[in-house]
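*Asks:* Below you will find the structure I want to go over with you.
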Amino acid sequence: MDDMEMHGTPWMPGPVQFNAYREYECGQNTTAGCEYYQGYWRFWYEADHRFALPTVAFFTVAILIFALANVFQQYAPQSFQRSSALRRQKALARFLSYRAFRIQALNWNSGSIGILLLALVGTIFFMCMTLVPAPYYWPLTETLNYWGGSPPLATRSGWLSLGCMPFVFLTAGKSNFITAVTGVSHERLQVFHRWISYAFFITALLHTFPFIVYNIRTHQMVMQWNTNFDYWTGVVALLAQAWLTFASLGPLRTISYEFFKFSHFVAALVFMVFLFFHCGYTLSSWDYFVVTGVFFALSWLHRQLRVYFEHGINNHATVSLAANGFVCVKVPTKATWHVGQHFFVRFMTLGIHAASIHPFTACSLPSETSVESELVFYIRPRGGLTTRLARLAEARPGSTVRVLLDGPYGGVNMPKLEQSQRQLVIAGGSGAGWILPMLLAYIRRNDLVDRAETKEVSNNTMKIILATRDTPTRQWFEQTLHEALAERGLSALPSGVEVEIHYTGSGEASTVSESASQEAEVNADPEKALSASHASPDSDCDSDVASNLKPSLKRVDGRPDLAALVRAEVASAPANEQLGVFVCGPLSMQNDVSNAVAAAQLEIMKGSSKEVYLHMEHFSWA
């Protein structure tokens, strides 16, 4: 805008047009000056093509690479995928996807090496596009506007920032184009949503500060601030963007999920409105708003169609309190879903909480014999909505609440699950409910094989590891497991299934002296008051349930050595078979398991004929 002489209202200088003109007449006194100004990295009138379009191309190429990998994984013949060379390449890709780092003092896990390498490539791209071209500022002359009022550093960083905008919104949507072509579910795109947002914000800062430096040097800062409307709109947009960026950090987000969601939408609206007026119709800037709006509208429309037409508006959930303090929510529905998928649920009759929508993992599977199924959630009270649900269930057990459902999303890769002859399922704390559909899917799969009268089932195994710090959760899990088996006419765990329940808390199972110091590590849930109020010592009924499930169920005191468990399963897996490792738990558990599976990939790269696949479920969905 600084190089264009336009007149009109401050909000939208006229005449308004979709794309501003690009005609350029050199105002410099020399041919050399004109040629210098029109240099490839300096020419203001082509800056959107030089910087914004390469940014779009950078992200698009990355998406296409993962889309092609997804197509290959789905459609390449299995015989080709099992070749020795491809097995090594797959092991390398998995090593990069699984190996991560942890800072114990901060309870923080890094992204995997692969994600960090992608971040490094992105950092190099933006640094090269921003800092390598020269100059940063136009040389000062007697005529201050000789070269134009927009410093080159501000120009290129501004367009780089605008090029990020469509991808920030694209990676934020639950229904989005990237998930459709790459198979990467929306919750796993959040790391890219955050990092692209960081690039979006940093380049916006690099767009802002050169104007401040330039105007201070030329003694125009006060005049520009008092008269230039672009400065005001830019500052408001930058403040809103700063809130969007920093208020989304994990520790702040977990303080109040409802407030985070509300403030995020308000700040995003303010940001987009003021950025729209700040950009005006400079060159092709409105093109990026149109693309962003299309992506957002299609995502929002698809979600609304699913909510109102696929699930309907007459769903009613029954709310009760489980023996360990978990809130049990059951919703009769005709929906279909698979293992590990989650739904976003809006509880319509809980006052202000009806304005928010929360993700919960399905702890059941659709019925095999009936059109209508029972969608079950087990929810640990953590404050806000979940505590409100717990109080309702405690005051009025079995009460019904009208709900809206959105989903399912995410979940376990079912072909990978079915191809895993050996399965190691690991969960911690409230991830106990996530285990149930895993076991049910295993039983159903074996039943199908049995009915087909094949012998394949004899080689399939599942080992379940549950770590919990409170006795009520252990008792609840054993009882729920017993009831789930009884529904299928089983009085004991099926052949090939082993269950280990590791008690990591203190109390009657205090034979492990260090268990009290380990409980925060195994399960980092901040709220346990409600579940503790329902705690009770082992009962005769509890002992009966355990004895019915023996000998395949074991109770163990102390924290499990997850790395050793993974190594043992890998070592015992026969050649040419796939071991599937599935984990849902706190960050420390995820880090231990992912690094152990990553270590197994190194052996495969050296020539082992085994395959080890890992699926990690984000702890907060459970």
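The values are calculated or read from the model by the stated rules, or taken from the named source; none is laboratory data. Computed from a prediction, not measured in an experiment: that's the story for all the values here. Methodologically, a virtual Cβ is constructed for each residue, glycine included, from the backbone with ideal geometry; neighbour enumeration extends over all protein chains shown. Accessible surface is based on the protein model in full, side chains and every heavy atom, while ligands, DNA and RNA are left aside. Shrake-Rupley method; radii C 1.70, N 1.55, O 1.52, S 1.80 Å.
*Asks:* How about the range 293-317: which of its residues are open to solvent by less than 90 Å² (accessible area, probe 1.4 Å), of a type outside the set (A, V, I, L, M) and assigned to a helix (DSSP H, G or I)? Talk me through it step by step, then tell me what you get.
*Replies:* Initial filter on the range 293-317 (open to solvent by less than 90 Å² (accessible area, probe 1.4 Å)): 293-295, 297, 299, 301-307, 311-313, 315-317.
Still in the list and also of a type outside the set (A, V, I, L, M): 293, 295, 299, 302-304, 306, 311-312, 315-316.
Those that are open to solvent by less than 90 Å² (accessible area, probe 1.4 Å), of a type outside the set (A, V, I, L, M) and assigned to a helix (DSSP H, G or I): GLY293, PHE295, SER299, HIS302, ARG303, GLN304, ARG306, HIS311.
*Asks:* State the number of residues belonging to the range 353-373 that are open to solvent by 10 Å² or more (accessible area, probe 1.4 Å) and either under 14 Å from LEU440 (Cα atoms) or without any contact (Cβ under 8 Å) to a residue 12 or more places away in the chain (or both).
*Replies:* Qualifying residue count for the region: 9.
*Asks:* Could you name every one of the helices (runs of 4 or more DSSP H) located completely within the range 178-249 that has at least 3 residues being closer than 22 Å to TYR137 by Cα and touching a residue at least 24 places away in the same chain (Cβ under 8 Å)?
*Replies:* 190-217, 229-246
*Asks:* With the structure loaded, tell me whether SER197 is farther than 16 Å from TRP41 by Cα, touching a strand residue (DSSP E or B) at 6+ places or on another chain (Cβ under 6 Å) and either of a type in the set (Gly, Ala, Ser) or surrounded by fewer than 16 Cβ atoms within 10 Å (Cβ to Cβ) (or both) or whether it fails that test.
*Replies:* no
*Asks:* Now for a different question. Based on what the data block shows, is ALA119 touching a Gly at 6+ places or on another chain (Cβ under 8 Å) and closer than 29 Å to GLY410 by Cα?
*Replies:* In short, yes.
*Asks:* Does the range 568-577 include one or more residues that are more than 30 Å from GLU394 (Cβ to Cβ), modelled with pLDDT of 90 or more and buried (at least 19 other Cβ atoms within 10 Å of the Cβ)?
*Replies:* yes
*Asks:* So, one more: Yes or no: LEU252 farther than 30 Å from LEU64 by Cα and in a helix (DSSP H, G or I)?
*Replies:* Considered against the rule, which asks whether it is farther than 30 Å from LEU64 by Cα and in a helix (DSSP H, G or I), LEU252 comes out as yes.
*Asks:* Turning to a different aspect of this structure: Mind listing whichever residues of the range 397-453 are free of Cβ contacts under 8 Å to residues at least 60 places away in the same chain and outside any helix (DSSP H, G or I)?
*Replies:* Passing the criteria: ALA452, GLU453.
*Asks:* Tell me which residues, restricted to the range 33-44, are open to solvent by less than 20 Å² (accessible area, probe 1.4 Å) and at pLDDT 85 or above.
*Replies:* Within the range 33-44, GLY39, TRP44 qualify.
*Asks:* Any chance the range 341-355 includes a residue that's in a loop (DSSP other than H, G, I, E, B), of a type in the set (A, V, I, L, M, F, W, C) and closer than 18 Å to HIS186 by Cα?
*Replies:* no
*Asks:* Any residue at all in the range 16-32 that is at pLDDT 90 or above and either hydrophobic (A, V, I, L, M, F, W, C) or open to solvent by 70 Å² or more (accessible area, probe 1.4 Å) (or both)?
*Replies:* Within the range 16-32, not a single residue is at pLDDT 90 or above and either hydrophobic (A, V, I, L, M, F, W, C) or open to solvent by 70 Å² or more (accessible area, probe 1.4 Å) (or both).
*Asks:* How many residues, within the range 56-91, are under 23 Å from the mean Cα position of the chain (by Cα) and under 30 Å from MET165 (Cβ atoms)?
*Replies:* 15
*Asks:* Conditions first: (1) out of contact with any helix residue (DSSP H, G or I) (no Cβ under 7 Å at 6 or more places or on another chain); (2) at pLDDT 50 or above; (3) open to solvent by 40 Å² or more (accessible area, probe 1.4 Å); (4) of a type outside the set (Ser, Thr, Tyr). ALA484 passes all but one, so which condition is the exception?
*Replies:* Of everything listed in (1) out of contact with any helix residue (DSSP H, G or I) (no Cβ under 7 Å at 6 or more places or on another chain); (2) at pLDDT 50 or above; (3) open to solvent by 40 Å² or more (accessible area, probe 1.4 Å); (4) of a type outside the set (Ser, Thr, Tyr), ALA484 misses just condition (1).
*Asks:* Let me ask something else. Take the range 228-276 and flag every residue that is of a type in the set (S, T, N, Q) and either farther than 25 Å from TRP159 by Cβ or within 18 Å of the chain's Cα centre (by Cα) (or both).
*Replies:* THR245, SER248, THR254, SER256, SER263
*Asks:* A further question on this structure: Could you run through the range 384-431 and say how many residues are open to solvent by less than 20 Å² (accessible area, probe 1.4 Å) and of a type in the set (Lys, Arg)?
*Replies:* Going through the range 384-431 one residue at a time, the tally reaches 1.
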